[in-house]
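Novice: One structure coming up, written as structure tokens, with questions to follow.
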Amino acid sequence: GLVAGENTLTVTVTAADGTTTQDYMVTLNVLLSADTSLATFQVNGNDVQDGDSIDLDPYTTSVDVVVETTDANASFEVSGDTGLVAGENTLTVTVTAANGDTQDYMVTLNVALGNDTSLAVFQVNGSDVQDGDSVDLVYGTTSVDVVAEANDPDATVVITGDSGLVAGENTLTVTVTAADGTTTQDYM
């Protein structure tokens with residue numbers, strides 16, 4: 001029935017007369033556990049180990065982490081499971097044993113680059129426009145003010161045809177390249 005920490009062992013000696021007794025006490029110090037191992041380590045329902053790498057869908061911002069220490073008296077702290085961004089992210093589980101020893105378990109979370117090419121804002125001279133719209137301009141206009149912002153902050157937007165305008169039909173093109181670097185969409 002010994003527990004971690006101080007335990008008292010008492011030996012009682014009874015003399016031959018049956019009534020005289022003497023107690024002898026000894027303190028037994030059971031060291032606290034140094035066990036920093038994990039019984040369970042899962043990310044999004046899948047078993048993982050220290051050093052693993054997990055591929056995640058684009059725009060994933062958090063993962064579900066389940067941790068159980070082998071020693072019930074050990075504690076743990078999880079960091080890096082939220083606030084994920086495109087690219088490599090590090091998930092760390094720090095286990096603190098009952099005696100204070102610590103060990104880190106790390107998993108790399110690879111959030112795929114996005115393929116979103118949609119626009120959040122598309123304006124010409126302060127007016128909202130959509131792909132395929134036609135904008136009438138006053139005679140002599142040689143440039144327009146274009147605001148084009150992608151929904152994905154990691155996508156790039158290139159505007160062409162907003163200057164050097166001539167009388168007649170001109171084509172304004174907004175090209176959005178998704179964060180993955182390969183998916184593109186033109187808005188005209």
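The values are calculated or read from the model by the stated rules, or taken from the named source; none is laboratory data. Computed from a predicted structure; not experimentally measured. Every residue, glycine among them, receives a Cβ derived from its backbone with ideal geometry; neighbour counts consider all protein chains shown. Note: areas computed on protein heavy atoms with side chains; ligands, DNA, RNA excluded. Shrake-Rupley method; radii C 1.70, N 1.55, O 1.52, S 1.80 Å.
Novice: Taking R0 as 41 Å, what FRET efficiency do you get between Glu68 and Thr8 from their Cβ-Cβ distance, rounded to the nearest 0.05?
Specialist: Values: r = 33 Å, r/R0 = 0.79.
The computed FRET efficiency comes out at 0.80.
Novice: While we're on this one: When the chain is modelled as a GNM with alpha-carbon springs shorter than 10 Å, which of Val67, Val93, Val135 fluctuates the most?
Specialist: Val135
Novice: Related question: Taking the structure as given and computing Cα Rg over 2.2 N^0.38 Å, which label from [x] 2.09; [y] 0.95; [z] 1.09 fits?
Specialist: Answer by label: [x].
Novice: Could I ask something else about it? With the full set of protein chains in place, find how many percent of the accessible area of the chain is carbon and sulfur; take the probe as 1.4 Å. Don't jump to the answer; show the numbers that get you there.
Specialist: On the way: 5370 of 11790 Å².
Within the chain, the accessible surface is 46 percent carbon and sulfur.
Novice: Taking the Cα centre as origin and putting +1 on Lys and Arg beta-carbons and -1 on Asp and Glu beta-carbons, what dipole magnitude results for the chain, to the nearest 20 debye? Numbers along the way, then the final one.
Specialist: On the way: 0 positive and 30 negative charges, 82 e Å.
Its charge dipole is roughly 400 debye.
Novice: Now, a different point. So what are the ³J(HN,Hα) numbers for region 28-39, from phi and the Karplus equation (6.51, -1.76, 1.60; θ = phi - 60°), rounded to whole Hz, Gly and Pro as x?
Specialist: 9, 9, 8, 5, 6, 5, 9, 6, 10, 7, 10, 8
Novice: If you don't mind, there's one more thing I want to ask. Leu38's amide H: which non-local residues (gap 5+, or another chain) put their own amide H closer than 5 Å, with H modeled 1.01 Å from N in plane and none for Pro or chain starts?
Specialist: It is Thr70, by chain and number.
Novice: Cα centroids of region 77-106 and region 2-62: how far apart, whole angstrom?
Specialist: If you average the Cα positions of each part, the centres end up 22 Å apart.
Novice: In debye, nearest 20, what is the charge dipole magnitude of region 1-74 about its Cα centre with +1 on Lys and Arg Cβ and -1 on Asp and Glu Cβ, if you could check? Write out the running numbers ahead of the final one.
Specialist: Numbers: 0 positive and 12 negative charges, 85 e Å.
It comes to approximately 400 debye.
Novice: Also: Could you give the length gained by full extension between Thr20 and Thr183, i.e. 0.36 nm per residue of separation minus their alpha carbon distance, to one decimal place?
Specialist: On the way: separation 163, 0.36 × 163 = 58.68 nm, distance 9.33 nm.
Fully extending the segment from Thr20 to Thr183 adds 49.3 nm.
Novice: A further question follows. Please list, in chain and number order, the residues 5+ apart from Phe76 or on another chain whose amide H is under 5 Å from its amide H, with Hs placed from the backbone.
Specialist: Thr96
Novice: Testing the spin-label approximation: label points 7 Å from Cα along Cα→Cβ at Asn170 and Asp136. State their distance in nm.
Specialist: 1.8
Novice: Which residue, Leu113, Leu172, Leu31, has the most motion in a Gaussian network model of the chain that connects Cα atoms within less than 10 Å?
Specialist: Taking springs between Cα atoms under 10 Å, the residue moving most is Leu31.
Novice: Continuing with the same structure: Residue farthest toward the positive end of the dipole of the chain, with Cβ of Lys/Arg at +1 and Asp/Glu at -1: which of Thr108, Thr69, Gln49?
Specialist: Thr69
Novice: Let me ask another. Name the residue from Gly161, Thr36, Gly80 whose Cα lies farthest towards the positive end of the charge dipole of the chain, charges +1 on Cβ of Lys and Arg and -1 on Cβ of Asp and Glu.
Specialist: Thr36
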